[in-house]
1. What are the residue pairs meeting all of these: first residue in the stretch 1-23, first residue farther than 16 Å from residue 66 by Cβ, second residue of a type in the set (Ser, Thr, Tyr), Cβ atoms under 6 Å, and 6 or more apart or on different chains?
2. Restricting the search to the stretch 35-73, which residues are of a type in the set (Val, Ile, Thr) and open to solvent by less than 40 Å² (accessible area, probe 1.4 Å)?
3. Please identify the pairs in which a residue from the stretch 61-73 that is free of Cβ contacts under 8 Å to residues at least 12 places away in the same chain has its Cβ atom under 6 Å from the Cβ atom of a residue that is outside any loop (DSSP other than H, G, I, E, B) and open to solvent by 20 Å² or more (accessible area, probe 1.4 Å), counting only partners at least 6 apart or on another chain.
4. Out of (1) farther than 16 Å from residue 60 by Cβ; (2) in contact with a strand residue (DSSP E or B) (Cβ under 6 Å, 6 or more places away or on another chain); (3) open to solvent by less than 80 Å² (accessible area, probe 1.4 Å), the odd one out for residue 12 is which?
Amino acid sequence: MKTLDCVRPGESVTVQRLQGQGPVKRRIMDMGITKGTIITVRKVAPLGDPLEINLRNYELSIRKEDAKMVEVQ
């Protein structure tokens, strides 16, 4: 399964599943990243971390480590 950290800038994907446990998974969900959410990757920092994404009509920066826990399609 493809994860959010592998998505190229300009590409839109849909969240399929969240990996992780406890507080880490909860933090990702609190950011609005839940199953069925459409995410567009806007930019990736020059060294690959963080990613700037658009979801639910707002912009969010997410660490690559957290992006690896979001399975997308």
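1. These pairs meet every condition: 12/40.
2. If the condition is that a residue be of a type in the set (Val, Ile, Thr) and open to solvent by less than 40 Å² (accessible area, probe 1.4 Å), then 37, 39, 41, 53, 62, 70, 72 are the ones that fit.
3. As it stands, the answer is 61/52, since those pairs meet every condition given.
4. Residue 12 satisfies every listed condition except (1).
The values are calculated or read from the model by the stated rules, or taken from the named source; none is laboratory data. Please read these numbers as outputs of a predicted model, since none were measured by experiment. As a convention, Cβ positions derive from the backbone with ideal geometry for all residues, glycine included, and neighbour counts pool all protein chains shown. For the accessible areas, the whole protein counts, side chains as well, though only heavy atoms, and no ligand, DNA or RNA atoms are used. Shrake-Rupley method; radii C 1.70, N 1.55, O 1.52, S 1.80 Å.
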